[in-house]
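Take a look at the structure set out below.
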Amino acid sequence: IKHKAHSVKSAQIKNSALATRGGGKRQNPAQRALQLKNLINAVLPQEILQQMGSPRLNNRTGRFRQSARVTDVRIGPRGGTDIDYTYQLNPYQTFEPGGAMGSTNRDPRSLIGLSIREVAKTLIGKKFIKVRRV
């Protein structure tokens, strides 16, 4: 039920904020990138919450999901999109592979990357999206 409500909310955001194709004034790529960054940051904590659960990280306080944020969005000339993000490294970096409690299942980078891709696909369609932690 929660996932369906999120999809409806994302569709409303897509239809209202990023609707530059039909009739509106065409935005330059820098404006679209900034708008996309703000929209992803607005929805990202809820999407991370939906993706959380065993065997991934579990939501206890909400601090981790609130700390994740997109820092930069670049839209290429052929439609490819690069998205950089960050999160609170101390103490959550310990769950990355190689960390004290690290495993591939509990890796915060894959959780955040998956969540960003899901939100971005909803907002911009099925274009190439590259996500990395900075």
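The values are calculated or read from the model by the stated rules, or taken from the named source; none is laboratory data. Owing to the predicted nature of the structure, the values given are computational and were not obtained by experimental measurement. All Cβ positions, glycine included, derive from the backbone under ideal geometry; neighbour counts span all protein chains shown. Surface areas here come from the heavy atoms of the whole protein model, side chains and all, with no ligands, DNA or RNA. Shrake-Rupley method; radii C 1.70, N 1.55, O 1.52, S 1.80 Å.
Each label was represented as a point 7 Å from its Cα along the Cα-to-Cβ direction; for Ser103 and Asp84 these points are 3.2 nm apart. Approximating the spin labels as points 7 Å out from Cα along Cα→Cβ, the Arg74-to-Gln35 distance works out to 2.2 nm. Descending by average beta-carbon neighbour count within 10 Å, the peptides 28-37, 64-73 line up as 64-73, 28-37, the highest first. At a probe radius of 1.4 angstrom, the accessible area of the stretch 81-134 per residue rounds to 51 square angstrom. Put simply, the stretch 43-131 fits an ellipsoid with semi-axes of 24, 14, 12 Å; these come from the alpha carbon gyration tensor as the roots of five times its eigenvalues, largest first. Taking the protein heavy atoms of the stretch 59-134 in the context of the full set of protein chains, the accessible area attributed to carbon and sulfur is 47 percent at 1.4 Å.
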